[in-house]
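Colleague: Right, I'll just put the structure down here and ask away after.
The values are calculated or read from the model by the stated rules, or taken from the named source; none is laboratory data. Predicted model, so just to flag it, every value in this text is computed and none were measured. Each accessible area value is taken on the protein alone, full model and side chains, heavy atoms only, with ligands, DNA and RNA left out. Shrake-Rupley method; radii C 1.70, N 1.55, O 1.52, S 1.80 Å.
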Amino acid sequence: MEGQELVERYKAGQRSFREVDLQEADLQGASIRWIKLRKADLSRADLTGADLYWADLRGANLRSTNLSGAILHRADLSGANLIDADLTEANLCNAELGKVNLTGAILTSATFEEANLCQANLSGAIVTDKQLAQAKSLEDAV
């Protein structure tokens with residue numbers, strides 16, 4: 001599915017896109033709040049500045065995805081694959097990031113206020129301790 005088709009279907013009222021293939025989709029600046037993209041493949045997609053407030057991205061593949069400046073406030077990314085993703089300046093406040101794989105992710109200036117990073121894999125991620133101090137839970141994060 002192309003990014004434009006997803007946005008059109010979203011505007012028409014559809015909210016659930018479980019296991020949809022959005023590889024390399026252009027969703028720059030898309031406002032897709034409360035969308036359900038469980039187990040969707042968004043690898044190499046461009047979500048720069050997208051509004052994903054309260055989005056359900058559980059188990060989604062976001063490998064090498066550009067999420068710079070994205071609003072992921074209260075989004076559920078449990079178990080998502082964010083290997084090598086760009087989350088520069090992303091808003092991850094109150095986000096659910098339990099068991100997320102952030103290996104090699106770019107998290108420069110991302111905000112984690114009250115985010116749950118329990119059992120998240122941060123190996124090789126570009127992030128500061130100061131940023132992570134904002135999170136509410138880092139239990140077993142590596």
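Colleague: Please compute the Cα-Cα pair-distance distribution of segment 32-134 with 10 Å bins starting at 0, giving whole percents from short to long.
Modeller: Pair shares across the bins are 19, 61, 19, 0.
Colleague: For segment 40-85, what does the equivalent ellipsoid look like in terms of its semi-axes, each the square root of 5 times an eigenvalue of the Cα gyration tensor, given largest first in whole Å?
Modeller: 14, 13, 7
Colleague: So, one more: Full extension from Gln134 to Ser31: what is 0.36 nm times the residue separation minus their Cα-Cα distance, to one decimal in nm?
Modeller: Values: separation 103, 0.36 × 103 = 37.08 nm, distance 2.58 nm.
Value of the extension gain: 34.5 nm.
Colleague: Accessible area of the chain with a 1.4 Å probe: how many percent of it is carbon plus sulfur?
Modeller: Carbon and sulfur atoms account for 44 percent of the accessible area of the chain.
Colleague: Please work out the C-alpha center-to-center distance from segment 92-108 to segment 47-88 and express it in whole Å.
Modeller: So the two Cα centres are separated by 8 Å.
Colleague: Rg to Rh ratio, segment 3-50, alpha-carbon atoms and Kirkwood radius? Write down the numbers at each step before the final one.
Modeller: On the way: Rg = 9.7 Å, Rh = 10.6 Å.
Here the Rg-to-Rh quotient is 0.91.
Colleague: Taking a probe of 1.4 Å, how large is the accessible area per residue of segment 1-124, in Å²?
Modeller: On the way: 5450 Å² over 124 residues.
Here the residues of segment 1-124 average 44 Å² of exposed surface.
Colleague: Separate question: Please give the calculated 222 nm ellipticity per residue for the chain, where each DSSP H segment of at least 4 residues contributes -39500 (n - 2.57) and the sum is spread over every residue; nearest 500 deg cm²/dmol?
Modeller: The helix-only estimate for the chain comes to -2000 deg cm²/dmol at 222 nm.
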